[in-house]
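These notes are about the structure you will find just below.
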Amino acid sequence: MTQQHKNEIRSHELPATSLDPKLQAARDEKIQVAMIGLCGCWGCTLSFLDMDENLLALLEKVTITRSSLTDIKRIPHRCAIGFVEGGVANEENIETLEHFRENCDILISVGACAVWGGVPAMRNVVSLEDCFQEAYIDSATAIPDAKKTIPFHEDIPKITTKVYPLHEVVKIDYFIPGCPPDADAIFKVLDDLVSGHEVNLPTSMNRYD
Ligand code: SF4
């Protein structure tokens, strides 16, 4: 992990706005769900929002403690369900994923990037050195005559040599494939879990594209 400077504050360390105690108590009684995006495009999070009115039904039973929309990467208290989009492409992704595993009873790998690496894992077929060379030195979009530099700073998370699916880093309990998965598939898995049913995602709802 990069060293934190004295005058820095991370998003998860910012003081939260206090809620009305009754509202807070009502939220605390519900099933706690936390979401995060690692190396992905946030398309799976949009698919989550595509649940439309099903989302309202779900929110009767769950509180979303952390959502990918705020991108706050630490959970304030233990959660029943963690929903993770994106693959593992740098050291900060590893820390965030391990934190979610430690603080969620059930962890769900959502989308092709999380399940097998997806689009970011296309870089796995070349060396990291060649990848940087292509992205920053030989790039067709580089500004002519500008000094070509591979970015480096102690605050930039170190990139892993490969992009890994989540289950190669921590234990994952459920997988929802697809790029992105259908909103109905996400709803089915979450609804089964919050209803205390065995998760039963029909093959017809799975996507492998
Ligand atoms: Fe985006 Fe597809 Fe990866 Fe989801 S699986 S984060 S939609 S690229």
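Data overview
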{"quantity": "Largest to smallest accessible area among K188, K148 [probe 1.4 Å]", "calculated": "K148, K188"}
{"quantity": "Most mobile listed residue (M51, M122, M35) in the chain, GNM with C-alpha springs under 10 Å", "calculated": "M122"}
{"quantity": "Estimated distance in nm for a label pair at L56 and R74, the labels positioned 7 Å out from Cα along Cα-to-Cβ", "calculated": "3.7 nm"}
{"quantity": "Centre separation in Å (Cα based) which lies between region 156-209 and region 1-78", "calculated": "18 Å"}
{"quantity": "C113 - accessible surface, heavy atoms, 1.4 Å probe, Å² rounded to 10", "calculated": "20 Å²"}
{"quantity": "Calculated FRET efficiency for the pair E98/E129, C-beta based, R₀ 25 Å, to 0.05", "calculated": "0.40"}
{"quantity": "Two-site FRET efficiency, R27 against R207, from Cβ-Cβ distance with R₀ of 35 Å, rounded to 0.05", "calculated": "0.60"}
{"quantity": "Rounded to 10°, Cα long-axis angle of helix 91-103 versus longest principal axis of the chain", "calculated": "20 degrees"}
{"quantity": "Protection proxy ranking, peptides 172-179, 104-111, 140-147, average beta carbon neighbours within 10 Å, highest first", "calculated": "104-111, 172-179, 140-147"}
{"quantity": "The chain: C-alpha gyration tensor shape, a/c 1.5 cut-off, then a/b vs b/c", "calculated": "oblate"}
{"quantity": "Förster radius 41 Å - calculated FRET efficiency between L46 and A140 (Cβ-Cβ, nearest 0.05)", "calculated": "0.90"}
{"quantity": "Sequence of E129, E92 when ordered by accessible area, the most exposed leading, probe 1.4 angstrom", "calculated": "E129, E92"}
{"quantity": "J(HN,Hα) series, region 152-161, from Karplus relation 6.51 cos²θ - 1.76 cosθ + 1.60, nearest Hz, glycine and proline x", "calculated": "8, 7, 4, 7, 7, x, 6, 6, 7, 5"}
{"quantity": "For V163, residues with placed amide H under 5 Å, excluding near neighbours", "calculated": "N124"}
{"quantity": "Rounded to whole Hz, the Karplus (6.51, -1.76, 1.60) HN-Hα couplings of region 119-136, x for glycine and proline", "calculated": "4, x, 6, 4, 6, 5, 7, 10, 6, 4, 4, 5, 5, 5, 4, 5, 6, 10"}
{"quantity": "For region 14-26, 3J(HN,Hα) per residue [Karplus equation, 6.51 cos²θ - 1.76 cosθ + 1.60, θ = phi - 60°, Hz, x = Gly/Pro]", "calculated": "5, x, 7, 5, 6, 9, 4, x, 5, 5, 4, 5, 5"}
{"quantity": "Distant-in-sequence amide H partners of N90 (H built 1.01 Å from N, under 5 Å)", "calculated": "T160"}
{"quantity": "Pairwise Lys count, the chain - Cα closer than 27 Å, eight or more residues apart or different chains", "calculated": "22"}
{"quantity": "Folded to 0 to 90 degrees: helix 183-194 orientation relative to the chain principal axis, Cα", "calculated": "50 degrees"}
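The values are calculated or read from the model by the stated rules, or taken from the named source; none is laboratory data. Just so it is clear, the model here is predicted, and its values are computed rather than measured. As a convention, Cβ positions derive from the backbone with ideal geometry for all residues, glycine included, and neighbour counts pool all protein chains shown. Side chains are part of the model used for accessible areas, which takes the heavy atoms of the whole protein and leaves out ligands, DNA and RNA. Shrake-Rupley method; radii C 1.70, N 1.55, O 1.52, S 1.80 Å.
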